[in-house]
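Visitor: I have a structure here, written as structure tokens, and I will follow up with some questions on it.
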Amino acid sequence: MPTQTVNDENMAALLKRGIVFVDWWAPWCGPCRTFGPIFEKVAERNPEVVFAKVNAEEHPDLAMSFGIRAIPTLMVFRDGILVFAQVGAIPEEALQALAGRVKDLDMDRVRAQVAAHAKMQN
């Protein structure tokens, strides 16, 4: 599946769709241009996963709302829960391995951990 372009209007709906990898990037960013083809290649090998790109320069308010301070930044969501975030380009093998690990997550356990963390914050 090709990557999807994300904007202010479709981001919320997109994150509810199972596993979603989001690449925050900008056209002037050298590391972003290096990471882009890697992201595309791994997207092709994982058609059951949504791979999306957000141009942080075009959508600064959206980037700010997600706490993006540097690019490229990769965020991975599963069932609307942020399960991974990292600044910097990721090698192809590591990105493919990450896709496998996210697919294997026990989401009942993740939801329980999120609930426990939220309870501690109150």
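Visitor: So what's the net charge close to Arg111: Lys and Arg +1, Asp and Glu -1, counting the other residues with Cβ under 11 Å from its Cβ?
Guide: -1
Visitor: If you take every residue apart from Ala63 with its C-beta less than 14 Å away from the C-beta of Ala63, what net charge results, scoring Lys and Arg +1 and Asp and Glu -1?
Guide: Values: positive: Lys53, Arg69; negative: Asp8, Asp23, Glu57, Glu58, Asp61.
Residues close to Ala63 contribute a combined charge of -3.
Visitor: Also: Around Glu92, what is the net charge, scoring Lys/Arg as +1 and Asp/Glu as -1 over all other residues with Cβ under 14 Å from its Cβ?
Guide: Net charge in that neighbourhood comes out at -2.
Visitor: Now for a different question. Sequence neighbours fewer than 8 away in the same chain don't count; with that in mind, list the aspartates and glutamates whose C-alpha is under 14 Å from Lys103.
Guide: Here the aspartates and glutamates satisfying the reach criterion relative to Lys103 are Glu48, Asp79.
Visitor: Here's a follow-up. For the chain, what is the mean residue ellipticity at 222 nm derived from helices alone (per DSSP H run of n ≥ 4: -39500 (n - 2.57); sum divided by total residues; nearest 500 deg cm²/dmol)?
Guide: -13000 deg cm²/dmol
Visitor: Give me the dipole magnitude in Debye, nearest 20, for the chain about the Cα centre, with unit charges on the beta carbon: positive for Lys and Arg, negative for Asp and Glu.
Guide: About 360 debye.
Visitor: Considering only Trp24, Ala56, Ala94, whose Cα is most displaced toward the positive end of the charge dipole of the chain, charges sitting on Cβ of Lys, Arg (+1) and Asp, Glu (-1)?
Guide: Checked the options; the winner is Ala94.
Visitor: Dividing the Cα radius of gyration by the Kirkwood radius, what Rg/Rh value follows for the chain?
Guide: Here the Rg-to-Rh quotient is 0.97.
Visitor: Taking GluC sites (Glu not before Pro) that fall in a DSSP loop and have at most 15 other Cβ atoms within 10 Å as cut points, what is the longest piece of the chain between them?
Guide: 59-122
Taken together, the values in this text are just the output of simple stated rules run on the coordinates, not laboratory data. In this text, all values refer to a predicted model and were calculated from it rather than measured experimentally. Cβ sites come from the backbone with ideal geometry, for glycine too, and all protein chains shown count toward neighbours.
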